[in-house]
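The values are calculated or read from the model by the stated rules, or taken from the named source; none is laboratory data. Note that the structure is a prediction, hence the values are computed from the model and not measured. Note that we place each Cβ from the backbone using ideal geometry, even for glycine, and neighbour counts take in every protein chain shown. For the accessible areas, the whole protein counts, side chains as well, though only heavy atoms, and no ligand, DNA or RNA atoms are used. Shrake-Rupley method; radii C 1.70, N 1.55, O 1.52, S 1.80 Å.
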Amino acid sequence: MARPMSLPPEITDYPLTAQTRAFLSDTPFGHVIEGRMVPSRTGATLPVIEPATGLEFARVASGDRADVDAAVRSARTAFDDGRWRRLPPAQRERCLRRLAQLLDAQRELLSDLDVLEGGVLRDYSGFMVQLGIDIVEYYAGWPTKVEGSLPASAPDLVVQVTREPIGVVGVILPWNGPSAVPLGVVPALACGNSVVLKPSEETPLTAVLLARLCVEAGIPPGVFNVVQGIGEVAGAALVEHPLVDAISFTGSVETGRRIQVAAAARLKRVALELGGKSPQLVFADADLDAAAATCAAAVWGHAGQVCVAGTRVLVERRIHDEFVQRMVEASRHLRIGSGFDPQSQLGPLISQAQLERVSRYVTIGRDEGATLALGGARHGSRGYFHQPTIFTGVHNDMRIAREEIFGPVMTVMPFDTEDQAYAIANDTEYGLAAGVWTRDLARAHRASQRLDAGTVWVNTYLRVDPGVPYGGVKQSGFGRSLGAASIEELTRLKSVWLNIA
Ligand code: NAD
């Protein structure tokens with residue numbers, strides 16, 4: 001690969017740490033196979049673009065089938081020779097704890113990469129970086145606690161049921177949370193699996209950092225490999241590879257569907273964390289100040305590019321107008337800008353394509369007859385910023401209420417009765433999350449029973465904890481990450497019969 005490439009002058013002027021500058025000087029970034037960064041066999045690379053400016057600041061290898069094969073073979077060998085899964089569990093725990101410490105020591109670099117490659121604001125990055133560290137610490141406790149059982153059986157037999165790692169797990173991730181990469185990878189490692197990660201081509205750098213830190217933490221080279229490249233090529237090759245035993249995918253419904261079909265050809269285990277169109281129900285008895293501030297933040301956070309963004313706000317009719325006014329006031333003066341400006345409150349979209357997608361949906365909303373209560377246009381002419389946008393007069397059968405936009409666009413709908421609120425909330429093909437705002441304890445319980453979603457937040461939103469299972473229902477996917485549920489997803493049971501007669 002050609003090198004070196006210097007940073008564009010504007011990016012050179014950013015307040016990047018010395019660690020970040022040193023890390024970026026390694027461009028073009030490669031795959032990480034057997035613990036070493038390697039270029040694509042063809043030498044092909046892709047640009048890495050800063051969303052706030054649209055400037056290319058690094059390049060990354062564009063992998064093909066041969067690169068994927070090399071990464072998978074590395075992971076397979078590491079699994080088969082047992083260099084990781086056969087280590088004493090306490091030793092695996094020590095490595096993972098060390099990884100958590102190393103991530104902690106690299107917070108600033110992780111945050112710089114979040115801003116540079118993901119367009120993430122510092123606050124949101126802080127939340128994601130901390131979540132990543134918490135997840136590694138949580139799963140570092142698991143290797144010594146994965147247990148089997150001894151079911152009762154005939155007196156001439158001892159039957160033991162053990163829980164084993166699955167083998168090589170292919171992990172495919174989206175771009176909307178670069179520093180949350182540990183979430184996709186570390187539970188699989190904790191179970192003793194080997195992993196091949198295909199990060200998003202938009203945010204490929206954090207994965208390289210994680211792979212380096214894994215080796216530094218003592219996880220043997222080859223156990224965690226990264227293959228870079230575009231989804232239809234490198235991602236598809238990973239899913240189809242015969243030596244990959246399971247796929248853990250996070251991304252859009254459309255891609256998830258394709259992956260499940262491809263994996264079915266080899267009957268691979270698949271876990272899918274997909275998109276959403278999550279409702280937030282606001283009842284008239286709610287604490288309206290808290291509800292308005294949080295409902296707005298649940299859509300503007302990371303410019304709406306969050307899988308659980310609460311983009312369908314359902315408001316009891318008698319407070320509808322007042323509540324919309326409160327949300328408009330909470331949002332009208334948001335400062336739009338890059339994560340390198342500490343004053344910024346709303347960041348950019350990830351790419352030109354995403355900006356065009358959001359603009360298209362705003363046009364669709366207008367054409368469908370919805371009313372713009374706020375925003376509705378691109379912000380500035382540089383980078384991929386879009387104004388916070390609120391549509392009222394929305395019906396749940398409009399496309400803007402049904403399809404995931406993945407941008408700062410909120411649709412507000414009134415309801416008259418509790419039953420009607422649940423009916424509208426559940427009238428969606430998605431089922432990732434839902435929010436409820438009420439002071440009525442009985443209604444809070446009813447809502448959490450009636451809402452068809454993997455997560456229900458009551459009088460709060462977007463709380464995540466490593467010990468609490470997370471995932472969707474309906475078209476939002478299946479399988480659960482986090483908590484003990486992940487351990488079950490990433491292991492398999494074996495029944496062993498011993499004749500002791
Ligand atoms: P995407 O589906 O376009 O891409 C996700 C990943 O899949 C990328 O790495 C991409 O390269 C790869 N990919 C694309 N085509 C592929 C193929 N044919 N075979 C294999 N891999 C392929 O999604 P995105 O635009 O990166 O991310 C946004 C989506 O992710 C949204 O729908 C969002 O809701 C969803 N998401 C869900 C969760 C969750 O936990 N449920 C979390 C974050 C994002």
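Residue check: Arg399 meets all listed conditions (1) more than 16 Å from the ligand (Cβ to nearest atom); (2) over 23 Å from Gly119 (Cα atoms) but one, namely (1).
For Asp64, are the conditions met, namely being under 22 Å from Gln130 (Cα atoms) and touching a residue at least 40 places away in the same chain (Cβ under 8 Å)? Here the answer is no, as Asp64 does not meet what is asked. I'm checking my understanding of the structure. Among residues of region 200-229 that are of a type in the set (S, T, N, Q) and not in a helix (DSSP H, G or I), which one is farthest from Val244 (Cα to Cα)? Among those that are of a type in the set (S, T, N, Q) and not in a helix (DSSP H, G or I), it is Thr203. When region 220-229 is examined, which residues are found to be more than 9 Å from the ligand (Cβ to nearest atom) and in contact with a strand residue (DSSP E or B) (Cβ under 9 Å, 6 or more places away or on another chain)? If the condition is that a residue be more than 9 Å from the ligand (Cβ to nearest atom) and in contact with a strand residue (DSSP E or B) (Cβ under 9 Å, 6 or more places away or on another chain), then Pro221, Gly222, Val223, Phe224, Asn225, Val226, Val227, Gln228 are the ones that fit. State which residue is farthest from the ligand (Cβ to nearest atom) when the search covers only region 422-469 and only residues that are more than 30 Å from Ile133 (Cβ to Cβ) and among the small types (Gly, Ala, Ser). Residue satisfying both the conditions and the ranking: Ala442. Checked against (1) within 16 Å of the ligand (Cβ to nearest atom); (2) free of Cβ contacts under 8 Å to residues at least 60 places away in the same chain, Gly126 meets all criteria but (1). Residues in region 41-57 that are touching a helix residue (DSSP H, G or I) at 6+ places or on another chain (Cβ under 9 Å) and buried (at least 16 other Cβ atoms within 10 Å of the Cβ): Val48, Ile49, Glu50, Pro51, Ala52, Thr53, Leu55, Phe57. Of all the criteria given as (1) touching a Leu at 6+ places or on another chain (Cβ under 9 Å); (2) assigned to a helix (DSSP H, G or I), the one not satisfied by Trp84 is (2).
With respect to the conditions (1) hydroxyl-bearing (Ser, Thr, Tyr); (2) surrounded by 14 or more Cβ atoms within 10 Å (Cβ to Cβ); (3) part of a loop (DSSP other than H, G, I, E, B), Ser111 falls short on a single one, namely (3).
Does any residue of region 324-331 turn out to be out of contact with any Gly (no Cβ under 7 Å at 6 or more places or on another chain), among the charged types (D, E, K, R) and open to solvent by less than 20 Å² (accessible area, probe 1.4 Å)? No, because not a single residue in region 324-331 is out of contact with any Gly (no Cβ under 7 Å at 6 or more places or on another chain), among the charged types (D, E, K, R) and open to solvent by less than 20 Å² (accessible area, probe 1.4 Å). Within region 372-408, track down each residue that is assigned to a loop (DSSP other than H, G, I, E, B), of a type in the set (Gly, Ala, Ser) and either touching a strand residue (DSSP E or B) at 6+ places or on another chain (Cβ under 7 Å) or surrounded by fewer than 23 Cβ atoms within 10 Å (Cβ to Cβ) (or both). Scanning region 372-408 gives Gly375, Gly376, Ala377, Gly380, Ser381, Gly393, Gly407. Among residues of region 470-501 being assigned to a loop (DSSP other than H, G, I, E, B) and more than 12 Å from the ligand (Cβ to nearest atom), the one that is nearest to Asp245 (Cα to Cα) is Leu490. Taking residues in region 476-501 that are over 30 Å from Gly431 (Cβ atoms), and partners anywhere that are open to solvent by 40 Å² or more (accessible area, probe 1.4 Å) and among the polar types (S, T, N, Q), the pairs with Cβ atoms closer than 6 Å and at least 6 places apart or on different chains are Lys494/Thr162; Val496/Gln160.
Which of the residues spanning region 410-429 are surrounded by 15 or more Cβ atoms within 10 Å (Cβ to Cβ) and assigned to a loop (DSSP other than H, G, I, E, B)? Within region 410-429, Thr428 is the sole residue that qualifies.
Looking at Gly365, Gly369, Gly337, just one residue is surrounded by 24 or more Cβ atoms within 10 Å (Cβ to Cβ), more than 21 Å from the chain's Cα centre (by Cα), small (Gly, Ala, Ser) and away from the ligand (no atom under 16 Å from the Cβ), and that residue is Gly365.
Can you find a residue in region 60-81 that is outside any helix (DSSP H, G or I), open to solvent by 40 Å² or more (accessible area, probe 1.4 Å) and more than 20 Å from Gly170 (Cβ to Cβ)? No: region 60-81 contains no residue that is outside any helix (DSSP H, G or I), open to solvent by 40 Å² or more (accessible area, probe 1.4 Å) and more than 20 Å from Gly170 (Cβ to Cβ).
When region 149-162 is filtered for residues that are touching a residue at least 40 places away in the same chain (Cβ under 8 Å) and not hydroxyl-bearing (Ser, Thr, Tyr), the ones remaining, listed by number, are Asp156, Leu157, Val158, Val159, Gln160, Val161.
Selection of region 163-199 for residues being free of Cβ contacts under 8 Å to residues at least 40 places away in the same chain and assigned to a loop (DSSP other than H, G, I, E, B) yields only Pro199. The combined condition, being surrounded by 23 or more Cβ atoms within 10 Å (Cβ to Cβ), over 20 Å from the mean Cα position of the chain (by Cα) and in a helix (DSSP H, G or I), is not fulfilled by Ala444.
The sole residue among Leu183, Leu189 that is in the same structural domain as Ala485 (by TED's automatic domain parsing) and within 15 Å of the ligand (Cβ to nearest atom) is Leu183.
Taken as a whole, region 206-216 holds no residue that is surrounded by 18 or more Cβ atoms within 10 Å (Cβ to Cβ), at pLDDT 95 or above and acidic (Asp, Glu). Taking region 238-287 as the range and being modelled with pLDDT of 95 or more, more than 21 Å from the chain's Cα centre (by Cα) and closer than 17 Å to Arg76 by Cα as the test, the residues that pass are Glu240, His241, Pro242, Leu243, Val244, Asp245, Lys268.
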